[in-house]
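Here the structure comes first, spelled out in structure tokens, and everything after it is commentary.
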């Protein structure tokens, strides 16, 4: 049986994540309140951020920026727009 959550991003009940996808308390909040569909939306947005801003997940400053963006994406005012990004 799949785990259902009341997704904070989609504003409806949806299939939850199968496991923690991020460590710590933020990871637990995501597990408890974010659906698989919403997580995939974040992964796509994160890829855009990493490519447009040339971020590296091994750089602590870049990781902190991505974590802050992830928290805004799910629990804050929403995702930051990427300057000069035009979707294909």
Revision key, fill the gap. Cβ density ranking, 10 Å radius, fewest first, applied to 53, 22 yields 53, 22
Review point. From Cα coordinates alone, what are the radius of gyration and Dmax values for the range 1-84 in angstrom?
Key: 13.0, 43
Point to revise | Rough spin-label spacing in nm, given labels placed 7 Å along Cα→Cβ, for residue 51 and residue 65 | key: 1.7 nm
Check your understanding: Helix 36-53 sits at what angle to the longest principal axis of the chain, using alpha carbons and giving 0 to 90 degrees rounded to 10?
Key -> 10 degrees
Practice item. Please determine, in degrees from 0 to 90 and to the nearest 10, the orientation of helix 60-75 with respect to the longest principal axis defined by the Cα atoms of the chain, where the helix direction is its Cα long axis. Key: 50 degrees
Review point. Helix 24-33 versus the longest principal axis of the chain: what angle, 0 to 90°, nearest 10, using Cα atoms?
Key: 60 degrees
Practice item. Rank the residues 70, 50, 4 as a footprinting-exposure proxy: fewest other Cβ atoms within 10 Å of their Cβ go first. Key: 4, 50, 70
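Using just the helices of the chain, give the 222 nm mean residue ellipticity in deg cm²/dmol: DSSP H runs with n ≥ 4 each add -39,500 (n - 2.57), and the total is spread over all residues, rounded to 500.
On the way: 3 runs with 44 residues, N = 88.
Value at 222 nm, helices only: -16500 deg cm²/dmol.
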Exercise for review: Order the peptides 58-68, 6-16, 25-35 from the highest to the lowest mean number of other Cβ atoms within 10 Å of their residues.
Suggested key: 25-35, 6-16, 58-68
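Each reported figure results from applying straightforward, stated rules to the coordinates on display, with no laboratory input. Since the structure is predicted, the reported quantities are computational estimates derived from the model, not experimental observations. Here the Cβ is made from the backbone with ideal geometry for all residues, glycine too, and neighbour counts use every protein chain on show.
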